[in-house]
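Student: Quick one: this structure, given as structure tokens, is what I'll be asking you about.
The values are calculated or read from the model by the stated rules, or taken from the named source; none is laboratory data. Here the structure is a predicted model, which is why all the values come from computation and not from measurement. As a convention, Cβ positions derive from the backbone with ideal geometry for all residues, glycine included, and neighbour counts pool all protein chains shown.
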Amino acid sequence: MGYRVSFKQLNLGVNRLNFLIGDDFFKKFEYTELSKGNINIECNIDYQVSSVSFNFIITGEVEVQCDICLEYFLYKIDSKEDLFIRFSDRLEGDEEFFEGDNKITLPKSQDFIDLDKHFYDFIVLSLPIKKVHPLDKNGNRTCNPEILKKLEEYKPKQKLNDDPKWDEIKKLLN
């Protein structure tokens, strides 16, 4: 089960498609931190004879591991992404070749695009670098309280800046 768009089935101009992504989608990818999710992707496709523009609206949630308490939680995703495809018989080595951030050149003979890898990349790139449980309405962490207690227990008693062994290095910075 792939997320493939056949250009033959598109009408010239704007087309609309909707894709639903579930847990099975993430099993296709090795070495991923993601294994569960419920994602809806609305897709507006502007199909022309020599190019195709995709506009994706990605909403839903994926299960991620909290970087503080290591428990899993659902992280909400809401992002917009674009993908541009140009058709050409001349590919690499051509000065007009375009390949890069969300830009692809495909041979004119190719009549489809597989969007699985693009969807996966868009989902991963919509995640923050540091993934932590959201704060509650009072601004408190919603992490596992037992883990937070342990972290506080093992927190260093002395701040690194107050340690006299770093005084000589601090002089170098001034």
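Student: Just checking, which of Val5, Val49 is exposed (fewer than 15 other Cβ atoms within 10 Å of the Cβ), among the hydrophobic types (A, V, I, L, M, F, W, C) and either closer than 19 Å to Phe112 by Cα or modelled with pLDDT of 95 or more (or both)?
Tutor: Val49
Student: Go through Asn55, Asn38, Asn18 for me and flag whichever is exposed (fewer than 14 other Cβ atoms within 10 Å of the Cβ), touching a strand residue (DSSP E or B) at 6+ places or on another chain (Cβ under 9 Å), modelled with pLDDT of 90 or more and of a type in the set (S, T, N, Q).
Tutor: Checking each option against the conditions leaves just Asn18.
Student: Mind checking which residues of segment 62-74 are under 13 Å from Ser35 (Cβ atoms) and in contact with a Leu (Cβ under 9 Å, 6 or more places away or on another chain)?
Tutor: Matches in segment 62-74: Val62, Glu63, Val64.
Student: Then there is this: Could you check, for segment 88-109, whether at least one of its residues is of a type in the set (S, T, N, Q) and modelled with pLDDT of 90 or more?
Tutor: No.
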